[in-house]
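Below you'll find the structure, written out as structure tokens, and then a few comments.
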Amino acid sequence: MAILSGFKSTVLLWFLILSACGNAPKANFTANTEEKTTIIPPKKIVVAANKTNDYLPLLEGKKVAIVANQTSVIFKTDSTYTHIVDSLQTLQINIKKVFAPEHGFRGKVDAGEHVKDGVDTKTGLPLISLYGKNRKPNNTQLKDIDVVLFDIQDVGVRFYTYIATLQLVMEACAENNIKVVVLDRPNPNGHYVDGPTMETEHRGFLGMTNIPLVYGMTIAEYATMINEEGWLNGNKKADLTIIKLNNYEHTSDYNLPIRPSPNLPNNTAITLYPSLGLFEGMNINAGRGTEFQFQRYGAPFLDSTKYGFTYTPQPNFGSKNPKHKGKLCYGNDLSKSERMNTMTLKWIIDAYENSTDKSNVFLTSGFTKHAGTHKLQKQIESGMSESEIKKTWQPAIEEFKKIRAKYLIYN
């Protein structure tokens, strides 16, 4: 018994020594661990179209026109939805007509192709084109309307024509004392401001106001800025109501569930569009006529020794007659690109520098309309670097940001 007693005393002594040195037995380990933190997932963004209780009272008992396309939907789940026109008809809202932007009401028309008036086969509603000769609703088209509801998914790039349609619709409604309701949707490129600013002498349907190419605002924020800054014809103001998003911030990474237009098929194309969209004003193919629109660029006259990537554009959905149709194009594949946080000129400069016929690169008039300035082409042709060119944009960008800050709804 004495031996056992001595053994117990020795074990107790070693236990006390180990504890004092911070090496207590495993039984005490959990007491020294950090508390586990609970990760709270971000709340799901709710588009304004889903907030029917907020805007139905504005439409009930009114004669309504809707500016809409294939993106104008009310979501049931992330992948199932009902078109807002169908839903409002079911709710007995008196829809008189639908105004269709570029690409048409169902989003199947090529870029630049005139959208025709007609009748929607599903609803029987009159369709009035706002892309072609008639880009602004006229007095006759609005004479029987009390409210115009605008609900279109934008991508936050100045030459993407949906914001021009918005401005002309607001202008027409201001002139005819008709209320405008804008249902907000996230801007997938809303987390930054960049690019050359539109110059007054180059204003047109690819840019109606002096804003940077990437302006970092949702469509409702932009509508408010148009209205309050006096950018409507005659400094008029529309009777404007906006329905806000829930749980959205400008840094939100929002995946568009529906193509906003035929040649923006996925999120990679949308994030690259601010940078590759300027190829629309050049003799360079930007993926039209392939299944990787705005995820590649190339041309037959780019130096074949510089590029290991090739493709051949062919007519397809959204591009009946792509640039360099049926010809082998040398260029770059950008389909693995991550989300962009700036607009870049590196691919345009790359294409220009590696062209075997530099006189054939720019479609000068078209490039100026897209860039909003004649200076950018001259800067590239003169050999200025991207950083040097972007420095020239900064004063105008900073001035715009001061205006923009007044109309931001979201962080």
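Observations on the structure shown:
- Accessible area per residue in Å² at 1.4 Å probe, computed on segment 208-263: 36
- The relative contact order of segment 150-280 comes to 32 percent, based on Cα pairs under 8 Å that sit 6 or more residues apart.
- Computed extension gain for ASN255 through THR342, at 0.36 nm per residue and net of the alpha carbon distance, reaches 29.5 nm.
- In this structure VAL169 has an accessible area near 0 Å², from a 1.4 Å probe over the protein heavy atoms.
- Normalised per residue, the accessible area of segment 265-411 is 46 Å², obtained with a 1.4 Å probe and no contribution from ligands, DNA or RNA.
- Restricting segment 369-411 to trypsin sites (Lys or Arg not before Pro) in coil, as DSSP defines it, with at most 15 other Cβ within 10 Å: LYS406
- In nm, spacing of pseudo-spin labels at SER304 and GLN394 (7 Å Cα→C-beta vector): 4.4
- Relative contact order, percent, the chain [alpha-carbon distance under 8 Å, six or more residues apart]: 14
- Cβ-derived FRET efficiency at R0 45 Å, ASN411 paired with LYS96, nearest 0.05: 0.75
- Accessible area of CYS173 (1.4 Å probe, protein heavy atoms only, ligands and nucleic acids ignored): about 0 Å².
- For the chain, a Gaussian network of Cα nodes joined below 10 Å ranks PHE294, PHE400, PHE150 by mean-square fluctuation, and the top entry is PHE400.
- A 1.4 Å probe, protein heavy atoms only, puts the accessible area of GLU201 near 130 Å².
- A cut-off of 5 Å between modelled amide H atoms, ignoring neighbours fewer than 5 places along the same chain, links PHE99 with ILE66, VAL67, ALA68, ILE128.
- Heavy-atom accessible area ranking, 1.4 Å probe, most first, across LEU334, LEU58: LEU58, LEU334
- Accessible area of the chain belonging to carbon and sulfur atoms, whole % at 1.4 Å probe: 51
- Cβ-based net charge around THR218, under 13 Å, with every Lys or Arg adding one and every Asp or Glu removing one: -2
- Working note: Karplus 6.51/-1.76/1.60 with θ = phi - 60° gives segment 247-256 the couplings 6, 10, 10, 5, 8, 4, 8, 9, 8, 6 Hz, where Gly and Pro are set to x.
- Counting Lys and Arg as +1 and Asp and Glu as -1 over every other residue whose Cβ lies under 12 Å from the Cβ of THR123, the net charge comes to +2.
- Heavy-atom SASA rank of GLU291, GLU386 (probe 1.4 Å, accessible area, largest first): GLU291, GLU386
- Computed per residue of the chain from DSSP H runs no shorter than four, each worth -39500 (n - 2.57), the mean residue ellipticity at 222 nm is -8500 deg cm²/dmol.
- Which of TYR410, TYR330 is most accessible, then next, and so on - probe 1.4 Å: TYR330, TYR410
- Under 5 Å, built H, 5+ apart or other chain: amide partners of LYS179: VAL148
- Phi to ³J(HN,Hα) by Karplus 6.51 cos²θ - 1.76 cosθ + 1.60 over segment 86-96, Hz, x for Gly, Pro: 4, 5, 5, 5, 4, 8, 6, 6, 7, 7, 8
- Among beta bridges identified by DSSP and lying wholly in the chain, the antiparallel ones come to about 50 percent.
- Burial order of peptide ranges 216-222, 191-197 (average beta-carbon count within 10 Å, highest first): 216-222, 191-197
- Per-pair calculated FRET efficiency, R0 = 60 Å: GLU353 and THR121 via Cβ, rounded to 0.05: 0.75
- Helical segments meeting 24 Å axial Cα length and Kyte-Doolittle 1.6 threshold in the chain (DSSP H): 2-20
- Derived scalar couplings ³J(HN,Hα) [segment 44-50; Karplus, 6.51 cos²θ - 1.76 cosθ + 1.60; whole Hz; x for Gly, Pro]: 5, 5, 10, 6, 4, 4, 6
- Sites LEU58 and ASP86 - FRET efficiency at Förster radius 25 Å, r taken between beta-carbons, to 0.05: 0.85
- Placed amide H near TYR254: partners under 5 Å, 5+ positions off or other chain: none
- Long pairs among LYS62/LYS97; LYS327/LYS378; LYS237/LYS406; LYS336/LYS369, criterion Cα-Cα beyond 24 Å: LYS327/LYS378; LYS336/LYS369
The values are calculated or read from the model by the stated rules, or taken from the named source; none is laboratory data. Because the structure is a prediction, the values reported are computed rather than measured. FYI the Cβ positions are ideal-geometry reconstructions off the backbone, even for glycines, and counts take in every protein chain you see. Accessible surface is based on the protein model in full, side chains and every heavy atom, while ligands, DNA and RNA are left aside. Shrake-Rupley method; radii C 1.70, N 1.55, O 1.52, S 1.80 Å.
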